[in-house]
Amino acid sequence: MKKLVLFFAASMLLFLSSCVKQDFDTPPISEIPVGTVYTIAQLRQMYADSGAYQFNTDASVYAVVTMDETSGNIYKSAFIQDANDAVNIHLLQSGGLRIGDSIRIYLKGVVLSDYGGMFQLDNVNNDSSIVILATQKDIAPKDATIEDLLAGKYKEQLVKLNNVQFAETDTGKVFAEPDKATNRKLEDCQGNQVDVRTSNYATFAPLKVPDKRGSLIAIAGSFNGLPQLLLRSASEIVMDSARCEIGGGGTPVTPVDSVNEQFDNAENYTDIAITGWTNIKVAGDRAWQGKIYNTDKYAQASGYNSGLSDMETWLITPPVKNDNGDMVLSFKSAMAYWKHTGDDKPLTILASTDFDGTNFATAHWTELSATLPTANNSNYEWVNSGDISLANFKGNVAIAFKYKGSDSESTSIELDDVVIHAGTGGGTNPGTVTSFDIDFSDQTAYQDIAINGWITTATKGTRNWQGKEYSTNYYAHATAYKSTDDENEEWLISPPIDLDAMTNPTLSFDTEKAYWSHTDDEPFEVLISTDFDGTNIESATWQKLSATIATKDDSDYTWVHSGDVDLSSYSGTAYIAFRYYGNAPKGETTTYDIDNLKLFDK
């Protein structure tokens, strides 16, 4: 009987099997619509214009995940970034995303909002809002400074900060206390600080805060209007260099009438110590030292054989009285065994009107143009700086000699005969000019323009006007091509001009352009200001001069003469500025060159 039942059951299975269709139907796939595509910057602007907003139509944003939850430092959250901006996303469920995921977020039902002032996409459903398009598409961090973060730049973006250290009061402590999220102070060598916030659930929470200096990669978050960094991993903290000293130390220095320092009391390989002078180790453990060769004594700074990955030291004069603006600086310098590469330069000259001997980190410093030794000079060949007018630095002015190098970029710099004294008059206001004729023939290709009395500076980005040479012709060159900055604004500003001492002041110059790519912004302008004081570029009043300049319609690398630009409608003391603006993320990278800058009395 049992055999009969089994046989019957088997027969029924065979019968049923023969009736089942073998080609299975494909189950329906639920497609997530795309709709209107927005950039993160457009979403940020929508929120800035209208406040909280929930999408009720089909829309999407594309981005790459720059921080996920795997470290435990954030929960039900992630950060995403596109080419130009970034945002925090608040997830309805935990998990599912990894750093480097290229994703599309379906925005219907998502809310534009903020958390503690940090821009956020809220109500993001892991299953129905997110489409993972690819993996391992990691975004490189942007180089940033603490000053950038304090100024509100790089919000929610992945950044890398170099030459930073944790505050001494936090070193040796754990990143987060066991029972709460904890802030630790990160600082640069100028004393600027920002919080590094760590959750007590982070895998690296019990690790000790390092006591050295180096680099750190993190997300530039914020809370209640203040920037704070969010770490992704302890492996992205690389700090193995000696700490830098913060501040100027000592007591306030009494301003002096003049300086004439020949380092006659210098001792070989001993840190320079002169009454009223400040000798600071900013990075590394080396300062300016005395050096003696035969009977000649001078100051020297060098990274040679230092073992340092970074070295920076400043030698600063006492403040010098300059109420009339007639003081003039001169010195001589030399180099030996040039090892610096690229745009790095071992010696920079700076001036400050608010340094008092104690406040190095908070004083304001402006780079001066001076003739300095280069790789083309012979070893130990003295180079005279020329007379450098300090007319733009009225009040008390201190001069700093900044050396920056390392064990590999170990060029030695020698300094001697530092003199600051009152210049002579001559019919014009102290420090002003009534003519110039600049053909850039004394400039060096691919180095920042350095002309006595002229100001070369950047108000946005890190690039300056630089020297350029083609077929033996030298000129000044500005471009945002291949720039890693969000924006580049480069200024080349003349010395102060005494217009009242001229009958018919006239300006002329030549320009050429190349590879025009600007669409919205103006790449080049020639401006004049009568209220610029040598330091207040962004607050001064600048008026555009009417001149013929190279335009989009001109051929590339074809010089265009400005014509004679009449300045007789202006009076008093004025400055002429040649301003370049580029924006690489927008593709606005047009190149501009200038040459033959002339001021004359027509």
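The values are calculated or read from the model by the stated rules, or taken from the named source; none is laboratory data. Every value quoted in this text rests on a predicted model; they were computed, and no experiment measured them. Please note: Cβ atoms are built from the backbone with ideal geometry, for glycine as well, and neighbour counts cover all protein chains shown. Heavy atoms of the whole protein, side chains included, go into the accessibility calculation; ligands, DNA and RNA do not. Shrake-Rupley method; radii C 1.70, N 1.55, O 1.52, S 1.80 Å.
Details
- For the range 196-208, the tally of residues that are open to solvent by 30 Å² or more (accessible area, probe 1.4 Å) and not β-branched (Val, Ile, Thr) stands at 6.
- Residue that is touching a Pro at 6+ places or on another chain (Cβ under 9 Å), crowded, with 19+ Cβ neighbours inside 10 Å, in contact (Cβ under 8 Å) with a residue 40 or more places away in the chain and within 25 Å of Ser539 (Cα to Cα), where the choices are Leu499, Leu492: Leu499
- Residue list for the range 502-513, filter: open to solvent by less than 30 Å² (accessible area, probe 1.4 Å) and part of a loop (DSSP other than H, G, I, E, B): Met502
- Top-ranked residue in the range 119-167 [being within 32 Å of the chain's Cα centre (by Cα) and hydroxyl-bearing (Ser, Thr, Tyr); ranked as farthest from Asp211 (Cα to Cα)]: Thr135
Here is a yes/no grid of residues against (1) of a type in the set (Lys, Arg); (2) without any contact (Cβ under 8 Å) to a residue 24 or more places away in the chain; (3) farther than 25 Å from Glu312 by Cα; (4) assigned to a loop (DSSP other than H, G, I, E, B):
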site	(1), (2), (3), (4)
Glu168	no, no, no, yes
Thr171	no, no, no, yes
Asn183	no, no, yes, no
Leu216	no, no, no, no
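- Condition check for Arg98: open to solvent by 10 Å² or more (accessible area, probe 1.4 Å), outside any loop (DSSP other than H, G, I, E, B) and of a type in the set (Lys, Arg): no
- Strands (runs of 3 or more DSSP E) lying entirely in the range 294-397 (those with 1 or more residues that are closer than 19 Å to Asn260 by Cβ and either open to solvent by 40 Å² or more (accessible area, probe 1.4 Å) or touching a Gly at 6+ places or on another chain (Cβ under 6 Å) (or both)): 296-301, 320-322, 327-336
- Flag if Val124 is open to solvent by less than 30 Å² (accessible area, probe 1.4 Å) and either touching a His at 6+ places or on another chain (Cβ under 9 Å) or aliphatic (A, V, I, L, M) (or both): yes
- Of residues in the range 6-64 being of a type in the set (D, E, K, R) and open to solvent by 80 Å² or more (accessible area, probe 1.4 Å), the one modelled with the lowest pLDDT: Lys21
- Extreme residue, most open to solvent (accessible area, probe 1.4 Å), among residues of the range 253-267 that are of a type in the set (S, T, N, Q) and at pLDDT 90 or above: Asn260
For (1) under 22 Å from the mean Cα position of the chain (by Cα); (2) β-branched (Val, Ile, Thr); (3) farther than 22 Å from Trp454 by Cα, each residue gets a yes or a no:
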residue: Pro318; (1), (2), (3): no, no, yes
residue: Ala351; (1), (2), (3): yes, no, no
residue: Leu372; (1), (2), (3): no, no, no
residue: Asn379; (1), (2), (3): no, no, yes
